[in-house]
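> Mind looking over this structure? Questions follow.
The values are calculated or read from the model by the stated rules, or taken from the named source; none is laboratory data. Remember, predicted model here, so these are calculated numbers, not experimental data. Ideal geometry is used to build each Cβ from the backbone, glycine not excepted, and the neighbour counts take in all protein chains shown. Accessible surface areas use protein heavy atoms only, side chains included; no ligands, DNA or RNA. Shrake-Rupley method; radii C 1.70, N 1.55, O 1.52, S 1.80 Å.
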Amino acid sequence: MRARVDHRRTPALLVTSLLLVAGCGAHASSEQSAPEVAVLRTGTPVHEPVWSGEEKALVALADGSRQVVRIDPPRELAGNAPRTAHTTRSRTFSQLGRNLALPPGDDASGEAYVALPDRDRIAALNVSDMRTVETREAGDAPSYLATDTGPDLALALSADGSTVSGTALGGKPGGAEDVVTSRRVGLGPTGEIDGPDRGQQVEYYAAAPDRLTHYKGSRSDVRETGSLPLRAEKTTGDKTKVSRLYVAERGSDRLLAVDEKRSGKGLHVVASRHMGQPVRHVDADERRLYAVTDSRLVVLATHSFTGFQDGTFDVVDTVDYRSALDRPEVRKAPVSGIAVGGDRVYLTLEGAPYTLSIAKPSL
């Protein structure tokens, strides 16, 4: 028996199908029309951003106001005109450290950590509303933060750069009992630290003005495993190979990949590249390294599993982000930080209430 067709319903079905196709086409067109470089108004200048994957938002330090700011990138980026990004501010603190850190590993708590040097503590902020969730002891005058996934620690470098203290993040805050490990490192007030996203032991790199040192061990016995005479401008760790660190060398245009030697004793440079301009900021995701110069964002392959075959980085893409800008205050402002999101990379600008949103290259 042949099926009967209800001709009264056919036009409605046809219209519905056309609307669905048009809707899908409009969505695809919207994605394709998003510019490679978009300018976001943030209402206030910020620096040292991080990307909260749980909240899909930027979190950054406000310039000069002792506040932490959440920035929600707009969903639609079509066109070249600046788009306004919604911002949420924390309360004003009496003093803040030099950067922000996110929970270690795959922790989806939606929090961000900031140092409170005058209180000898770190604060955990709820990124959803920027309210303080709790504070924990973090050694003397903590100033620069990192996290260490395996032992679930927040690592805090003191303001004078003399000591790295490890604060336990699990359980309830317990005063001085929060600090479970401490090591003198002598980095000076401009030093930085970087902890791994994987691993079991206490582990971190410590960058001083004239050297890079790797530390590893148990909570009660953190030891130096190797050191190199390097002047690091900025550093970031590999998201997969925990022993590797990427280093922008101060005073040159070199980008380096540093790793432990196979013996576990000593460090060596496993890849390098002259970038043509000094690298000011670096960040990474699971596949790529992102290096910011004064005019370009350079995307490089990390080869986390295979290693660097010829001791050099492979460039995946280069974006001249300055050429896309037409506002003088945006075109001339130095970059004050980088954060890698899911589909785009974000650059904050020093002294300017704008953030650049740059499309990631396809894999």
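> Enumerate the amide H contacts of Arg83 below 5 Å, restricted to partners 5 or more residues apart or on another chain; note that Pro and chain-start residues carry no placed amide H.
When sequence neighbours closer than 5 places are left aside, the close amide H contacts are Val39, Leu40, Arg41.
> Sticking with this structure for a sec: For the chain, just say rounded, prolate or oblate: build the C-alpha gyration tensor, square-root its eigenvalues into a ≥ b ≥ c, call rounded for a/c under 1.5, and beyond that prolate if a/b exceeds b/c, oblate if not.
prolate
> Hey, another quick one. Return the calculated 222 nm mean residue ellipticity for the chain, to the nearest 500 deg cm²/dmol, obtained by summing -39500 (n - 2.57) across DSSP H runs with n ≥ 4 and dividing by the residue count.
Values: 2 runs with 28 residues, N = 363.
That calculation yields -2500 deg cm²/dmol at 222 nm.
> How far apart, in nm, are the 7 Å Cα→Cβ label points at Ser65 and Phe305?
The answer from the label model is 4.5 nm.
> Sticking with this one: What angle, in degrees between 0 and 90 and rounded to the nearest 10, separates the Cα long axis of helix 10-33 from the longest principal axis of the Cα atoms of the chain?
The angle comes out at about 30 degrees.
> Now, a different point. With the full set of protein chains in place, find how many percent of the accessible area of the chain is carbon and sulfur; take the probe as 1.4 Å.
That share works out to 48 percent.
> Name the long-range amide H neighbours of Val270: under 5 Å, sequence gap of 5 or more, or other chain; modelled H, no Pro or chain starts.
Distant-sequence amide H within range of Val270: Ala257, Val258, Asp259.
> Moving to a separate point now. I'd like the trypsin sites (Lys or Arg not before Pro) in region 73-178 restricted to DSSP loop residues with at most 10 other Cβ atoms within 10 Å, sorted by number.
Details: sites: Arg75, Arg83, Arg89, Arg91, Arg98, Arg119, Arg121, Arg131, Arg136; in loops: Arg75, Arg91, Arg98.
Filter output for region 73-178: Arg75.
> Given a 1.4 angstrom probe, what's the average accessible area per residue across region 143-281, in square angstrom?
Value for region 143-281: 42 Å² per residue.
> Now, a different point. HN-Hα J couplings of region 153-170 from phi, Karplus 6.51/-1.76/1.60, θ = phi - 60°, integer Hz, Gly and Pro as x?
For region 153-170, the Karplus curve yields 10, 9, 9, 10, 8, 5, 4, 8, x, 7, 9, 10, 10, x, 9, 5, 9, x Hz.
> Normalised radius of gyration for region 96-138, please: alpha carbon Rg relative to 2.2 N^0.38 Å, two decimal places.
Compared with the compact-globule rule of thumb, region 96-138 sits at 1.10.
> Can you compute 3J(HN,Hα) from phi for each residue in region 293-303, using the Karplus curve 6.51 cos²θ - 1.76 cosθ + 1.60 with θ = phi - 60°, rounded to whole Hz and x for Gly and Pro?
With coefficients 6.51, -1.76 and 1.60, one gets 9, 5, 9, 10, 9, 10, 9, 10, 7, 8, 6 Hz.
> Give me P(r) over region 115-232, computed from all C-alpha to C-alpha distances, binned every 10 Å, as integer percentages.
15, 47, 31, 7, 0
> Between Lys56 and Ala359, what is the label-to-label distance in nm when each label sits 7 Å out along the Cα-to-Cβ direction?
1.9
> Shifting gears a bit: Provide Rg and Dmax in Å for region 256-363, with only Cα atoms included in the calculation.
When restricted to Cα atoms, region 256-363 yields Rg and Dmax of 15.4, 52 Å.
> Still on this structure: What list of ³J(HN,Hα) couplings, whole Hz, do you get for region 55-67 from phi and the Karplus terms 6.51, -1.76, 1.60, once you set θ to phi - 60° and write x for glycine and proline?
With the stated coefficients, region 55-67 comes to 9, 6, 8, 7, 10, 8, 8, 6, 5, x, 10, 6, 10 Hz.
> Say R0 is 22 Å: what FRET efficiency, to the nearest 0.05, do Asp294 and Asp314 get from their beta-carbon distance?
Once rounded, the FRET efficiency stands at 0.50.
> Right, something else. Given R₀ = 30 Å, FRET efficiency for Ser323-Asp285 by Cβ-Cβ distance, to 0.05?
Efficiency, rounded to the nearest 0.05: 0.75.
> In whole angstrom, how far apart do the alpha carbon centroids of region 310-362 and region 267-294 sit?
Distance between centres, Cα-based: 14 Å.
> Right, another one. For the pair Gln277/Arg131, report the inter-label distance in nm, with labels modelled 7 Å from Cα in the Cβ direction.
Spacing of the two 7 Å Cα→Cβ label points: 4.3 nm.
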